[in-house]
Amino acid sequence: MNIHEYQAKQIFKEYGVPTPRGIVANSVQEAVNAAKELGGNIWVVKAQIHAGGRGLGGGVKLAKSIEEVEKYADEILGMTLVTHQTGPEGKVVHKVYIEEGADIKDEFYLGVVLDRAKEMPVIMASTEGGMEIEKVAEETPEKIVKVAVDPAIGFQGFHGRELVFGLGITDKAEQRKFIEFAQKLFTIYMDKDVELIEINPLIRTGSGDFLALDAKMGFDDSALYRHPDIEAMRDISEEDPDEREAAEHGLSYVSLDGEIGCMVNGAGLAMGTMDTINYVGGTPANFLDVGGKATAETVAKGFEIILRNPKVKSIFVNIFGGIVRCDRIANGILEATKMVDVKVPVVVRLDGTNAPEAAEILKNANIQNVISATDLLDGAKKAVAAAKGENQ
Amino acid sequence: MSILVNKDTKVIVQGFTGKEATFHSEQCIAYGTQIVGGVTPNKGGQTHLGKPVFNTVKAAVEATGATVSMIFVPPAFVGDAVMEAADAGIELAVIITEGAPVKDMMYAKAYATKKGMKTIGPNCPGIITAEECKLGIMPGQIFKKGNVGLISKSGTLTYEGANQVVKEGFGITTAVGIGGDPIIGLSYKQLLPMFENDPETEAIVMIGEIGGDLEIQAAKFIKENITKPVVAFIAGQTAPKGKRMGHAGAIVSGSAGTAAEKMAALEAAGVKVVKSPAEIGKAVKEVLSK
């Protein structure tokens with residue numbers, strides 16, 4: 001689960017990670033009030049969406065008067081912001097964060113993420129703040145300092161020294177401030193079951209202070225049960241409604257660009273099915289893992305969600321029946337076709353336990369739109385042919 | 001022969017009396033697995049599925065001599081359960097549970113390693129040595145005995161792969177579902193040499209997916225150390241960047257972890273890489289008839 005910049009900065013504040021002062025606003029009036037409350041003569045109006053690249057998309061503006069705050073808040077609130085991370089459809093902005101201006105001397109990057117190979121968190125820092133870290137990693141990997149921290153010993157002095165010497169921070173007072181900053185960030189990472197923290201940019205001010213100018217945080221979904229405070233930060237409007245609805249029914253759904261709807265049990269086989277459709281010349285319309293149960297209800301819900309996508313021309317149901325027997329799944333699929341009006345051809349491949357019985361059930365049901373397939377390749381070919389309107 | 005488990009392996013089940021554990025333990029026993037007892041706190045002294053229940057892993061190990069544990073406890077207790085098994089001297093823990101917090105696994109894996117306990121999973125179908133020992137939730141009847149070893153991140157692709165191998169007239173020595181979480185136990189790199197050293201295994205099927213770099217490490221390892229033919233499939237060639245494909249680890253971030261990158265590395269290591277899981281069986285036949 002991801003949260004907004006202003007929410008991440010609330011967490012930073014609790015842990016004493018320095019950030020500029022700011023107030024979140026849901027309306028133009030609230031934005032103006034926020035600017036007045038903050039005082040000063042320069043403010044930043046920042047769109048709050050779960051995606052990076054907001055500045056380039058026109059979602060971050062520098063205001064030099066209250067009138068400008070009002071103008072920019074009015075422009076940004078309700079706009080559909082398109083960045084390289086939102087996809088071409090963009091995201092509607094519902095909130096802006098009004099922040100005091102900062103005296104930027106230079107910009108750093110600081111992040112904490114799991115190093116899967118080392119099986120421990122790694123702190124990543126770079127002098128190339130403001131740039132996308134993936135780009136830095138590709139073009140100038142030597143400019144990224146990586147320090148893995150074994151949670152068994154926690155953040156030690158030497159971790160901090162590796163960071164500041166690696167970044168070329170030479171002033172002793174600044175070294176102390178940066179190390180403290182990184183240590184607090186690591187504490188947040190561990191305490192809150194964070195999946196990713198990124199501060200880009202982290203700025204050094206003219207007076208040698210370090211401030212988190214931006215903040216991005218994502219959390220381990222499996223650990224949210226022990227963080228009700230984080231769960232309360234969930235913003236449903238940021239999530240894809242179909243993906244969310246699927247999740248509520250125990251399905252894992254991701255929408256794609258193609259024409260063939262997929263319904264599969266297991267994440268790996270679901271990806272493998274998409275790949276097979278591609279392999280035989282078709283395009284998958286979605287990833288959908290129905291999980292281990294594949295009952296009439298879950299299959300019906302799956303059909304319903306897949307069919308909301310007007311591009312879908314056929315559906316490939318690919319189930320490998322293991323513990324759950326194929327004959328039961330076949331009956332579930334037949335029931336589901338009664339619950340949902342499936343207008344496109346459905347190719348069904350059931351393999352595994354009791355597969356012959358399942359084929360018999362589908363055959364005897366003799367439903368016009370349901371086409372039976374013998375194996376994965378056969379099913380993918382039939383689904384692609386059906387999408388092209390070819391008869392079987 | 002086989003790797004890690006066989007007909008003589010003595011197994012306990014942690015979370016034994018739970019609904020899922022009961023259902024699957026029953027299936028494992030029917031398959032021939034030597035489940036010698038189970039652990040559920042506060043149910044020590046009872047009998048479940050005809051086997052003794054203990055309050056702690058330590059007590060279960062002392063009474064039964066079990067060396068392997070199959071873990072079915074709820075996600076919030078997985079870390080604790082793994083560490084308890086390691087502390088009690090268990091040699092291999094097979095963690096079936098899905099949804100364990102990554103942080104808990106980070107601590108548990110480090111402790112298991114310190115204690116010399118191997119782990120498989122979490123969030124995996126388990127391990128099966130064909131017609132001898134099934135430890136997990138896979139449909140046992142698919143896995144006919146044979147000469148192919150199988151390592152897979154995905155459950156249903158394990159079944160798909162094994163089924164094709166059997167349909168082509170071959171069979172399985174041992175199949176290991178390693179799981180697709182960000183932190184997992186035994187991986188390709190540790191399992192490949194076990195299959196290399198197993199005299200009955202003549203070919204290895206390796207099924208991976210997008211995210212992380214375990215397959216890249218495996219490719220390097222195969223190039224230098226593995227002489228037996230390897231067939232590989234990487235799921236997620238058509239998965240978009242930045243979108244999580246079901247498994248917590250299956251996500252392409254930046255330019256790393258793509259299927260194309262992994263497939264190229266494996267091909268360069270001399271592995272027979274197939275573009276669709278539907279080709280696994282045929283590819284195995286091809287490498288074995290050379």
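Every read-out reported here was derived from the displayed coordinates using simple, explicitly stated rules and does not represent laboratory data. Here the structure is a predicted model, which means the values were calculated and not measured. Every residue, glycine as well, gets a Cβ built from its backbone with ideal geometry; the counts of neighbours run over all protein chains shown.
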- Message: For chain A, what does the helix formula give at 222 nm: sum of -39500 (n - 2.57) over DSSP H segments with n ≥ 4, over the residue count, nearest 500 deg cm²/dmol?
- Response: -11000 deg cm²/dmol
- Note on the structure: Around A:PRO121 (Cβ within 15 Å, Cβ-to-Cβ, excluding A:PRO121; K/R +1, D/E -1) the net charge comes to -3
- Please report the Cα spread of the range B:1-78 along all three principal axes, rounded to whole Å, starting with the longest. 38, 25, 24
- Query: What dipole magnitude, in Debye to the nearest 20, does the range B:69-148 give about its Cα centre under +1 on Lys/Arg Cβ and -1 on Asp/Glu Cβ?
  - Reply: 240
- Message: Placing unit charges on C-beta atoms (Lys and Arg positive, Asp and Glu negative, everything else neutral), compute the dipole magnitude of the protein assembly as shown about its Cα centre in debye, rounded to 20.
- Response: 1180
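Applying 1/(1 + (r/R0)^6) with R0 = 60 Å to the Cβ-Cβ distance of A:ASP191 and B:GLU200, what FRET efficiency is obtained, to the nearest 0.05? Walk me through the intermediate numbers first.
Details: r = 49 Å, r/R0 = 0.81.
The calculated FRET efficiency here is 0.75.
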- the range B:114-179 and the range A:302-339 have their Cα centres apart by a whole-number Å value of 26
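Once a ≥ b ≥ c are taken as the square roots of the eigenvalues of the Cα gyration tensor of the range A:241-387, is the result rounded (a/c under 1.5), prolate (a/b larger than b/c) or oblate (a/b not larger than b/c)? Mind showing how you got there, number by number?
Details: a/c = 1.33, a/b = 1.16, b/c = 1.15.
Rounded, because the longest to shortest axis ratio a/c is under 1.5.
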- Message: Please compute the contact order of chain B in relative form: average sequence separation of alpha-carbon pairs under 8 Å and at least six residues apart, divided by the residue count, as a percent.
- Response: 14
- With all pairs of different alpha carbon atoms counted, what Kirkwood hydrodynamic radius in Å does the range A:186-278 show? 16.9
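In units of 2.2 N^0.38 Å, what is the alpha-carbon radius of gyration of chain A? It would help to have the intermediate numbers written out before the result.
Working: Rg = 25.9 Å, N = 392, 2.2 N^0.38 = 21.3 Å.
It is 1.22.
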- Task: Report the normalised scattering of the protein assembly as shown as log10 I(q)/I(0) at q = 0.05, 0.09 Å⁻¹, calculated by the Debye formula with identical scatterers on the alpha carbons.
- Result: -0.26, -0.83
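Averaged over peptide B:229-241, how many Cβ atoms belonging to another chain are found within 10 Å of each residue's Cβ?
Working: counts 0, 0, 0, 0, 3, 3, 10, 8, 7, 15, 8, 6, 1.
Mean number of neighbouring Cβ atoms from other chains: 5.
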- Task: Identify, among A:VAL92, A:HIS50, A:ALA385, the residue whose Cα sits farthest towards the positive end of the charge dipole of chain A, taking +1 on the Cβ of Lys and Arg and -1 on the Cβ of Asp and Glu, with the dipole about the Cα centre.
- Result: A:ALA385
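Based on the Cβ-Cβ distance from B:GLU267 to B:LYS145, what FRET efficiency comes out when R0 is 30 Å, to the nearest 0.05?
On the way: r = 30 Å, r/R0 = 1.01.
For B:GLU267 and B:LYS145, the calculated efficiency is 0.50.
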- Each label sits 7 Å from Cα toward the beta-carbon; between A:ASN369 and A:GLU37 the label points are separated, in nm, by 5.3
- Along the charge dipole of chain B, which of B:ALA265, B:ASN6, B:ALA86 sits closest to the positive end, that is, farthest toward it, with unit charges on the beta carbon of Lys, Arg, Asp and Glu (+1, +1, -1, -1)? B:ALA265
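Around B:GLY185, with a cut-off of 11 angstrom between Cβ atoms, what is the net charge of the other residues, counting Lys and Arg +1 and Asp and Glu -1?
Numbers: positive: B:LYS109, B:LYS118; negative: A:GLU119, B:ASP181.
Charge balance in the 11 Å sphere: 0.
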- Message: Only counting other Cβ atoms within 10 Å, I'd like A:TYR279, B:TYR111 sorted with the fewest neighbours first.
- Response: B:TYR111, A:TYR279
- Message: Under 30 Å between alpha carbons: how many lysine pairs meet that in the range A:142-294, if sequence neighbours fewer than 8 apart on the same chain are excluded?
- Response: 17
- Just report the Cα centroid separation between the range A:171-191 and the range A:228-268, whole Å. 36
- Note on the structure: Extend 7 Å from the Cα of B:ALA256 along its Cα-to-C-beta direction; within the range B:197-234, residues with backbone N under 15 Å of that point are B:210-218
- Query: Which semi-axes, in whole Å and largest first, does the equivalent ellipsoid of the range A:117-174 have when worked out from the alpha carbon gyration tensor as the square roots of 5 times its eigenvalues?
  - Reply: 20, 18, 8
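If you take the square roots of the eigenvalues of the alpha-carbon gyration tensor of the range A:21-101 and sort them as a ≥ b ≥ c, do you get rounded (a/c under 1.5), prolate (a/b over b/c) or oblate?
On the way: a/c = 2.25, a/b = 1.95, b/c = 1.15.
Prolate, because a/c is 1.5 or more and a/b exceeds b/c.
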- Item | Scattering curve values for the range A:73-221, log₁₀ I(q)/I(0), Debye with Cα scatterers, q = 0.13, 0.16 Å⁻¹ | -0.66, -0.96
- Note on the structure: chain A: longest segment with zero exposed GluC sites (Glu not before Pro), where exposed means DSSP loop plus at most 12 other C-beta atoms within 10 Å, is residues A:90-389
- Note on the structure: Rg/Rh over Cα atoms for chain B, Kirkwood Rh, comes to 0.97
- Within chain A, longest stretch clear of exposed trypsin sites (Lys or Arg not before Pro) (DSSP loop, no more than 16 other Cβ within 10 Å): A:119-233
- Final fewest-first order of A:TYR109, A:TYR225, A:TYR97 on the 10 Å Cβ neighbour count is A:TYR225, A:TYR97, A:TYR109
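In peptide A:260-268, how many Cβ atoms from other protein chains are near each Cβ within 10 Å, on average?
Counting other chains' Cβ atoms within 10 Å and averaging over A:260-268 gives 6.
Computed FRET efficiency, Cβ-Cβ of A:ASP103 and A:THR80, R0 45 Å: what is it to the nearest 0.05? Before the final figure, lay out each step's value.
Details: r = 33 Å, r/R0 = 0.73.
E between A:ASP103 and A:THR80, to the nearest 0.05, is 0.85.
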